[in-house]
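Comments concern the structure below.
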Amino acid sequence: MSQNQTLPIVIIGTGLSGYTLARELRKLDTETPLVLVTADDGRSYSKPMLSNGFAKGKAADELAQADADTQAEALNARIMTHTRIEAIDPEAGRITTGAGTLDYGRLILAWGANPVRIPLEGDGMDALYQVNDLTDYGHFREGVAGARRVVILGGGLIGCEFANDLINGGFEVEVVAPDPRVLPALLPEAASEAVRAGLEEAGVRFHLQHSARAVHRTSEGVSVTLDDGRVIEADLGVAAVGLQPRTELAAAAGIECGRGIRVNQYLETSAPGVYALGDCAEVCGHVLPYVMPLMAAARALAKTLAGERTPVHYGSMPVTVKTPACPVAVCPPPADAAGEWHVEGEGRSLRALFRSENGDLLGFAVTGDCAGEKQSLSREVPAILPA
Ligand SMILES: Cc1cc2nc3c(=O)[nH]c(=O)nc-3n(C[C@H](O)[C@H](O)[C@H](O)COP(=O)(O)OP(=O)(O)OC[C@H]3O[C@@H](n4cnc5c(N)ncnc54)[C@H](O)[C@@H]3O)c2cc1C
């Protein structure tokens, strides 16, 4: 399909990726017709606030920064809310939505990731909260009102952040995770231990190296049966076992997908005129479901859409884990990097540096009082996608 400049630029998704891209585009091009299509209500919000909004006493409405109408006016855009994309036809340059078809000049997929659902026995799967957007957060806030005991499935970033937020909110919190340590995908062992110790001291109870086998509804909430037969009774359950980039509709349209929707450094998918960014995208082999990468992608793509084809550049991308019981910042080394972790410090304040055989710093994790070294260490770590 040849790219038709008179047809609108259509962005699917009004999360941080979709709205940041629209905002960056409007700084460069105020005229090209712009349509945003979203399955949700189009309110803008900062998703990282979902896992530390409870202790701050924030209701869903308070986390919303602007509604869809306000955004549409500010962006000089049409925003189609509660409208789900059902199919893409890249040949025709057309998408099919629940509300009919729409022709696009350029199409941007910014439709995020689905929470992973683990297959468990029992009738309680639907009773587990999965908090991946503002609507989920609103339901979760309603569910948690009056609850006392919360069980969280998952000891990764989101599970640990919710555990810290809820323990600060005065709940009894138990975390179940199959791995021997928390944040196993992000941290070296010593740093994981520091975070676990911090959360335990705050009152979180961990059941590590145990999987949930079944979840049942009970008169009080849910019961989770572990693989060793123990049963955890709780008023409320949260599943935080990972996210899976949304690829199904892209793959069905013949667009190349791997772990995410595959794009090159220009955010171009395998279909001409179709781009992807954010949690749904695999950028030059990297799936980085965090805010910093999507901001960099949005700035580069906005320039491309405005006429100056621009590659995205990822510097080092440190992630701050919002666990005040033991603050953490981490910049994981590349998955295939050769080298070793060197850990310094004591107690909860650790500086773990991943160095190559030549001594080059390829990644780091800093905890406790060392977490403030994030910026200075980030400057030493090589860029993920150099310019
Ligand atoms: C609880 C939590 C805490 C986090 N904390 C941090 C943090 O501290 N730091 C950090 O860097 N990152 C954090 N992240 C990750 C970060 O928030 C995400 O990387 C980012 O918000 C993803 O934005 P997105 O726009 O790509 O996707 P999303 O925000 O998921 O937006 C997807 C959009 O697509 C729409 N959509 C989906 N399917 C369709 C369809 N078929 N048709 C139409 N529209 C559709 C949705 O309605 C939505 O508007 C956190 C994530 C979570 C869940």
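Structure notes:
- Among the residues of this structure, ALA163 does not count as one that is assigned by TED's automatic domain parsing to the domain that holds GLU62 and crowded, with 20+ Cβ neighbours inside 10 Å.
- Tallying residues that are in contact with a strand residue (DSSP E or B) (Cβ under 6 Å, 6 or more places away or on another chain) and near the ligand (Cβ under 10 Å from one of its atoms) within region 275-288 yields 4.
- The number of residues in region 25-40 being in contact with a Leu (Cβ under 8 Å, 6 or more places away or on another chain), closer than 25 Å to LEU63 by Cα and open to solvent by 20 Å² or more (accessible area, probe 1.4 Å) comes to 2.
- Of everything in region 56-90 that is under 13 Å from ARG141 (Cβ atoms), open to solvent by less than 80 Å² (accessible area, probe 1.4 Å) and assigned to a loop (DSSP other than H, G, I, E, B), the residue that is nearest to the ligand (Cβ to nearest atom) is LYS58.
- Within region 294-327, the set of residues being polar (S, T, N, Q) and assigned to a strand (DSSP E or B) comprises just one member, THR320.
- Counted residues, region 266-287 - those being open to solvent by 10 Å² or more (accessible area, probe 1.4 Å), in contact with a helix residue (DSSP H, G or I) (Cβ under 8 Å, 6 or more places away or on another chain) and assigned to a loop (DSSP other than H, G, I, E, B): 2
- Of the candidates GLY53, GLY93, GLY112, the single residue that is open to solvent by less than 20 Å² (accessible area, probe 1.4 Å), on the phi > 0 side of the Ramachandran plot and touching a helix residue (DSSP H, G or I) at 6+ places or on another chain (Cβ under 7 Å) is GLY112.
- Qualifying residue in region 149-158 (condition: more than 14 Å from the ligand (Cβ to nearest atom) and over 17 Å from ILE232 (Cα atoms)): no
- With respect to the conditions (1) open to solvent by less than 50 Å² (accessible area, probe 1.4 Å); (2) in the same structural domain as ALA22 (by TED's automatic domain parsing), VAL312 falls short on a single one, namely (2).
The values are calculated or read from the model by the stated rules, or taken from the named source; none is laboratory data. Bear in mind the structure is a predicted one, so any value in this text is a computation, not a measurement. Positions of Cβ are generated from backbone atoms using ideal geometry, with glycine treated the same way; all protein chains shown enter the neighbour counts. Just so you know, the surface numbers come from the protein's heavy atoms only, side chains and all, with ligands and any DNA or RNA stripped out. Shrake-Rupley method; radii C 1.70, N 1.55, O 1.52, S 1.80 Å.
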